[in-house]
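Before any comments, here is the structure.
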Amino acid sequence: MKKVSFAEFGGPDVLQLIDAEEPHAGPGRIRIAVRAAGVNPVDWRIREGQVLGAHPIELPSGVGLDASGVVDEVGEGVEGVEVGDRVFGEGSSTYAEFAVLSAWARMPEGLTFEEAAGYPSVVETALRVIRAVGVQSGQTLLVSGASGGVGSAVLQIARERGITVIGTAGAANQDYLRSLGALATTYDEGWVERVRELGHVDAALDLAGSGVIRELVELTGDAQKVISIADLDAPECGVRFSGVAGSVPEALAEAVGLISRGKLRIPVEKSYTLAEAAAAHIDSQAGHTRGRRVLVV
Ligand SMILES: NC(=O)c1ccc[n+]([C@@H]2O[C@H](COP(=O)([O-])OP(=O)(O)OC[C@H]3O[C@@H](n4cnc5c(N)ncnc54)[C@H](OP(=O)(O)O)[C@@H]3O)[C@@H](O)[C@H]2O)c1
């Protein structure tokens with residue numbers, strides 16, 4: 001099968017499309033014929049060799065966590081899913097023609113494979129940070145970096161829970177944030193004042209890692225009311241960094257419910273082929289993705 005792989009850490013040019021052995025579904029896993037793979041910033045962070053987890057990456061390594069596709073192998077002990085089912089979920093080395101998933105759900109009606117590949121990681125992250133920051137119905141949440149994948153999910157889940165959101169994004173994404181029910185402002189000079197004018201802030205999320213932790217603490221008045229997923233220096237200001245994934249099956253179940261009720265939609269900014277994985281990484285690293293980028297197999 002074809003698979004995107006890298007043999008050394010480095011820039012996008014280390015990515016190669018190679019011929020590889022097909023993986024197989026071990027106990028508790030399924031294998032899918034991949035139809036689309038989500039491109040997440042963590043994919044290029046791992047490719048660069050950034051230390052992200054307790055387990056070192058073994059080289060050569062495949063790329064990708066999120067995917068959608070058609071089940072073609074069901075591992076021992078797995079129930080409730082059959083060969084031929086259309087699923088989306090999380091696994092490893094998903095930039096490939098076949099991939100093994102460790103968490104999955106059946107795709108809701110009406111969702112394309114291309115769209116479905118964009119949801120798993122961003123919905124898990126969005127649910128985790130909304131819970132961790134402790135924001136309640138009737139309160140206002142400030143989201144710095146609101147138009148990306150995680151931001152798009154946070155805005156829609158918060159709206160569904162009766163939370164008012166003030167989002168920051170670039171000029172080109174102001175109408176997009178408003179279309180998701182948020183109050184919007186840009187993140188350039190004077191943004192703190194503009195946020196104040198939009199309303200009192202009860203809690204804040206840093207999703208962009210753009211060096212705004214002090215301002216977020218100032219706006220909420222309490223470091224415990226701020227969470228970052230993108231600034232490793234956040235704890236220096238007493239702010240929690242959230243980096244350990246929660247339950248992906250729970251997140252997928254919630255995503256299916258929200259998508260089915262028309263309450264959640266992550267737009268696909270652009271699709272690429274497997275051979276264009278390096279271009280997808282370059283575009284993702286530029287830091288201005290609306291929704292998600294995906295590779296289509
Ligand atoms: N710790 C964790 O568990 C975890 C989980 C998921 C993601 N992450 C990290 O969280 C970050 C966001 O992930 P993502 O998937 O949502 O990324 P993404 O889809 O690439 O979105 C990035 C967003 O940041 C916005 N942005 C760029 N510069 C900004 C600035 N100066 N101020 C405010 N916003 C700015 C962009 O908005 P405009 O285009 O409008 O400029 C863009 O929409 C990434 O760094 C990722 O690695 C961490």
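Given a 1.4 angstrom probe, I'd like the percentage of the accessible area of the chain that is carbon and sulfur, rounded to a whole number.
Summing carbon and sulfur atoms, their accessible area is 49 percent of the total for the chain.
Give, rounded to the nearest 20 debye, the magnitude of the charge dipole that segment 55-183 has about its Cα centre when Lys and Arg contribute +1 at Cβ and Asp and Glu contribute -1 at Cβ.
In total the dipole reaches around 960 debye.
I want to verify the translational diffusion coefficient of segment 1-109 in µm²/s; compute it with Stokes-Einstein, Rh as the Kirkwood radius over Cα pairs, at 25 °C and 0.890 mPa s.
The estimated diffusion coefficient comes to 173 µm²/s.
Give, rounded to the nearest 20 debye, the magnitude of the charge dipole that the chain has about its Cα centre when Lys and Arg contribute +1 at Cβ and Asp and Glu contribute -1 at Cβ.
The calculation lands at about 760 debye.
Can you spot the aspartates and glutamates whose alpha carbon is less than 16 Å from K2's alpha carbon? Ignore those fewer than 8 places along the same chain.
D19, E21, E22, E97, E276
For the chain, just list the percent of Cα-Cα distances falling in each 5 Å bin from zero outward, please.
Going out from 0 Å in 5 Å bins, the chain shows 1, 6, 12, 16, 18, 16, 13, 9, 5, 2, 1, 0 percent.
Per DSSP H run of at least 4 residues, take -39500 (n - 2.57); add these up for the chain, divide by its residues and hand me the 222 nm value, nearest 500 deg cm²/dmol.
Rounded to the nearest 500, the figure is -8000 deg cm²/dmol.
Once a ≥ b ≥ c are taken as the square roots of the eigenvalues of the Cα gyration tensor of segment 136-275, is the result rounded (a/c under 1.5), prolate (a/b larger than b/c) or oblate (a/b not larger than b/c)?
Rounded shape, in that the Cα axes give a/c under 1.5.
How would W44, W104 rank on accessible area, largest to smallest, probe 1.4 Å?
Sorted descending by solvent-accessible area, the residues read W104, W44.
Based on the mean of other Cβ atoms within 10 Å per residue, sort peptides 162-168, 244-250, 148-154, 127-133 so the most packed one is first.
Packing proxy ranking, top to bottom: 148-154, 162-168, 127-133, 244-250.
Suppose all protein chains stay in the model; what accessible area per residue would a 1.4 Å probe give for segment 114-261, in Å²?
Accessible area per residue: 41 Å².
Are there GluC sites (Glu not before Pro) in segment 42-117 that DSSP marks as loop and that have at most 11 other Cβ atoms within 10 Å, and which are they?
When the GluC sites (Glu not before Pro) of segment 42-117 are filtered for loop state and at most 11 Cβ neighbours within 10 Å, E58, E76, E79, E82, E109 remain.
Rounded to the nearest 20 debye, what is the charge dipole size of segment 52-124 about its Cα centre when +1 sits on each Lys and Arg Cβ and -1 on each Asp and Glu Cβ?
160 debye
Any idea how far apart H24 and R178 come out in nm if each label point goes 7 Å out from Cα toward Cβ?
Computed distance between label sites H24 and R178 equals 5.7 nm.
Which one, V143, A105, V123, projects farthest toward the positive side of the charge dipole computed for the chain from Cβ point charges (K/R +1, D/E -1)?
Of the listed residues, the answer is V143.
Using a Förster radius of 22 Å, what is the FRET efficiency between Q224 and V244 based on their Cβ-Cβ separation? Nearest 0.05, please.
In this case the efficiency is close to 0.75.
If the cut-off is 21 Å between C-alpha atoms, which lysines fall inside it for K3, apart from same-chain ones fewer than 8 positions away?
Output for K3: K270.
Ignoring ligands and nucleic acids, what accessible area does H24 show with a 1.4 Å probe (Å², nearest 10)?
H24 exposes around 120 Å² with every protein chain in place.
Give the angle, between 0 and 90 degrees and rounded to the nearest 10, that separates the Cα long axis of helix 120-133 from the longest principal axis of the Cα atoms of the chain.
30 degrees
The values are calculated or read from the model by the stated rules, or taken from the named source; none is laboratory data. Values in this document were obtained by computation on a predicted structure and should not be read as measured data. Neighbour counts run over all protein chains shown; Cβ positions are idealised from the backbone, glycine included. SASA here: full protein model, heavy atoms, side chains in, ligands and nucleic acids out. Shrake-Rupley method; radii C 1.70, N 1.55, O 1.52, S 1.80 Å.
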